Amino acid sequence: MELIDMNSMASSIGVSVAVLRFLLCFVATIPVSFAWRIVPSGLGKHVYSASSGVLLSYLSFGFSSNLHFLVPMMIGYASMAICRPKCGIITFFLGFAYLIGCHVFYMSGDAWKEGGIDATGALMVLTLKVISCAINYNDGMLKEEGLREAQKKNRLIGMPSLIEYFGYCLCCGSHFAGPVYEMKDYLEWSEGKGIWETSEKRKRPSPYGATVRAILQAAICMALYLYLVPQYPLTRFTEPVYQEWGFWRKFGYQYMAGLTARWKYYFIWSISEASIIISGLGFSGWTEDASPKPKWDRAKNVDILGVELAKSAVQIPLVWNIQVSTWLRHYVYERLVKNGKKAGFFQLLATQTVSAVWHGLYPGYMMFFVQSALMIAGSRVIYRWQQAITPRLAMLRKIMVFINFLYTVLVLNYSAVGFMVLSLHETLTAYGSVYYIGTIIPVVLILLSYVVPAKPSRSKPRKEE
């Protein structure tokens, strides 16, 4: 009877039983995270965090999922225990190697594209968490002089206990879809230290208003996704009718297909945000207003309006998959820049390549993230030209801002097709149907930047938002 109910429920919303089971467990992370608040003692909280994560993983993906999760977790912990000076680099490469193996074995991208589900999505989040923990433990050996602010803030002087480590990795199912957070923050949260410390004058902030807002946002996002997805199927890109359309209709379809897919991610991240907020871990401090209000930025993984109305492609990593973008900046991008040097296109391309490999070894992912590097580099060219215009020509500056906005919309949604369809044939078919415009424009802009270099305006430009 239960199976029949699951089947009918799944068919009513157009998903498989496996996906429905995952969604139910994923939504259950909200009450599970709420219950964490009433668990006594630091040890009890670590045990609850780990055991609830194990149980939710078992119910979502089966027993084998926890065995898969155990591999990178033990790689990270063993490397910290045995070889602290190299534990970060060992965990990085071995953790990614195991993740890539799972991607290839399960062909996870095909499963997700066809509406299936497996544990590799959660393994992706878990891999980033164990790598950051190992790198921060490695940084704990270094002197503060010369370290970046993020390194000083997150480095671990002492090695976490095994139960602390397991609690951090699997905390209340937070490994399902993130957000990624730091071991030091987890420990301070569990022990009521740092910004979580309370006193008579310093009360614990209420998470309920922010949690309700995130849940309402998730409901709206899911409703929009379910409404749009039947109208803009990804299979349309290889259908003869698509090839008969004109350029603007094809481009319009690419935009709507990208917009439709994004609502799914907005829903997932809104639920994970609600879960982290209600546990208290999402708290990130107080505003500096006359009447301070709590901030919940640690739980935030997306700024929907920031993505859809981005004035520049440079802003996209700051508003999309925010915590993973932060992880990539702290543990890849910044660490490829030598002291006293500025980051360039190499660091950007290397970071995007790591992101592509993290998602899976599909041509569509690779092409999307290479496209992203080109898109950001091209947007920077437009911004530099905009800043070179004298403030007296305010209207021309506004026109350049609008051009950068249009450029971002065009190239982002063109590039996103590869991320959605994954296969080389479908990606090239979709790109070719609009004459590779989203590739040609960024390349032309980058080349033009050498021919028409931006000369700084005499007046001091305003800092880019």
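In the stretch 12-123, what percent of the accessible surface is made up of carbon and sulfur (1.4 Å probe, ligands and nucleic acids excluded)?
On the way: 3920 of 5070 Å².
Carbon and sulfur atoms account for 77 percent of the accessible area of the stretch 12-123.
Using Cα-only point scatterers and the Debye equation, what is log10 of I(q)/I(0) for the stretch 297-449 at each q in 0.09, 0.11 Å⁻¹, rounded to two decimals?
Debye curve over Cα of the stretch 297-449, log10 I(q)/I(0) at q = 0.09, 0.11 Å⁻¹: -0.30, -0.46.
For the stretch 246-355, rounded, prolate or oblate, judged on the Cα gyration tensor with a ≥ b ≥ c (square roots of eigenvalues), a/c < 1.5 rounded, else prolate if a/b > b/c?
Details: a/c = 2.03, a/b = 1.12, b/c = 1.82.
It comes out oblate by the Cα gyration axes.
Place the peptides 127-134, 90-97, 437-444 in order of packing, highest mean first, counting for every residue the other Cβ atoms within 10 Å and averaging per peptide.
By packing density, highest mean first, the sequence is 127-134, 90-97, 437-444.
Students often get this wrong, so check it: of Lys300/Lys341; Lys184/Lys300; Lys264/Lys295; Lys264/Lys293; Lys86/Lys129; Lys153/Lys203, which have C-alpha atoms separated by over 20 Å?
Lys300/Lys341; Lys264/Lys295; Lys264/Lys293; Lys153/Lys203
What number comes out for accessible area per residue over the stretch 191-257 if the probe is 1.4 Å? Units Å², please.
Ligands and nucleic acids excluded, the figure is 65 Å² per residue.
Of the options Gly344, Leu226, Pro294, report the single residue whose Cα projects farthest towards the positive end of the charge dipole of the chain (beta-carbon charges: Lys, Arg +1; Asp, Glu -1).
So the residue we want is Gly344.
Of the accessible area of the stretch 223-322, with the probe set at 1.4 angstrom, what percent is carbon plus sulfur?
Exposed carbon and sulfur together represent 63 percent of the surface.
Heavy atoms only, probe 1.4 angstrom, no DNA, RNA or ligands counted: give me Ser161, Ser49 ranked by accessible area, highest first.
Ser161, Ser49
Select from Ser174, Phe96, Ser132 the residue farthest towards the positive end of the dipole of the stretch 32-175; place +1 on Cβ of Lys and Arg, -1 on Cβ of Asp and Glu, and compute about the Cα centre.
Ser132
Apply the a/c threshold of 1.5 to the C-alpha gyration tensor of the chain and tell me whether it is rounded, prolate or oblate.
oblate
What whole number of Å gives the distance from the Cα centroid of the stretch 23-50 to the Cα centroid of the stretch 78-94?
29 Å
Separation of the stretch 221-241 and the stretch 148-210 by C-alpha centroid, Å?
First find each Cα centre; the distance between them is then 39 Å.
Once you have the Cα-Cα distance between Tyr450 and Arg213, take 0.36 nm times their residue separation minus that, and quote the gain in nm to one decimal.
Full extension from Tyr450 to Arg213 adds 80.6 nm.
Please list 357-367, 264-274, 286-296 highest first by mean number of surrounding beta-carbon atoms within 10 Å per residue.
264-274, 357-367, 286-296
Tell me, what % of the accessible area of the stretch 372-439 is carbon and sulfur with a 1.4 angstrom probe?
76 percent
When we measure straight from the Cα of Lys338, which lysines land under 16 angstrom away, once same-chain ones fewer than 8 places off are left out?
Partners found: none.
Could you give the length gained on full extension between Ile100 and Lys86, defined as 0.36 nm per residue of separation minus the Cα-Cα distance, in nm?
Details: separation 14, 0.36 × 14 = 5.04 nm, distance 2.13 nm.
Gain on extension, Ile100 to Lys86, equals 2.9 nm.
Taking the Cα centre of the stretch 227-298 as origin, work out the dipole magnitude from +1 charges on Lys and Arg Cβ and -1 charges on Asp and Glu Cβ, in debye rounded to 20.
Roughly 160 debye for the stretch 227-298.
What is the dipole size for the chain, taken about its Cα centre, with +1 at each Lys and Arg Cβ and -1 at each Asp and Glu Cβ, in debye to the nearest 20?
Around 1920 debye, computed over the chain.
Are there any helices in the chain, counted as whole DSSP H runs, that stretch 18 Å or more along their axis by Cα and score at least 1.0 on average by Kyte-Doolittle, and if so which?
Qualifying helices: 17-36, 63-82, 87-106, 208-228, 394-421, 437-451.
For the stretch 389-460, evaluate the Debye formula with one uniform point scatterer on each Cα (no solvent term) and list log10 I(q)/I(0) at q = 0.12, 0.23, 0.26 Å⁻¹, rounded to two decimals.
Summing over Cα pairs of the stretch 389-460 leads to -0.47, -1.05, -1.17.
The values are calculated or read from the model by the stated rules, or taken from the named source; none is laboratory data. Remember, predicted model here, so these are calculated numbers, not experimental data. A quick note on method: Cβ atoms are made from the backbone with ideal geometry, for glycine too, and the neighbour counts reach across all protein chains shown. Just the protein is used for accessible areas: all its heavy atoms, side chains included, with ligands, DNA and RNA removed. Shrake-Rupley method; radii C 1.70, N 1.55, O 1.52, S 1.80 Å.
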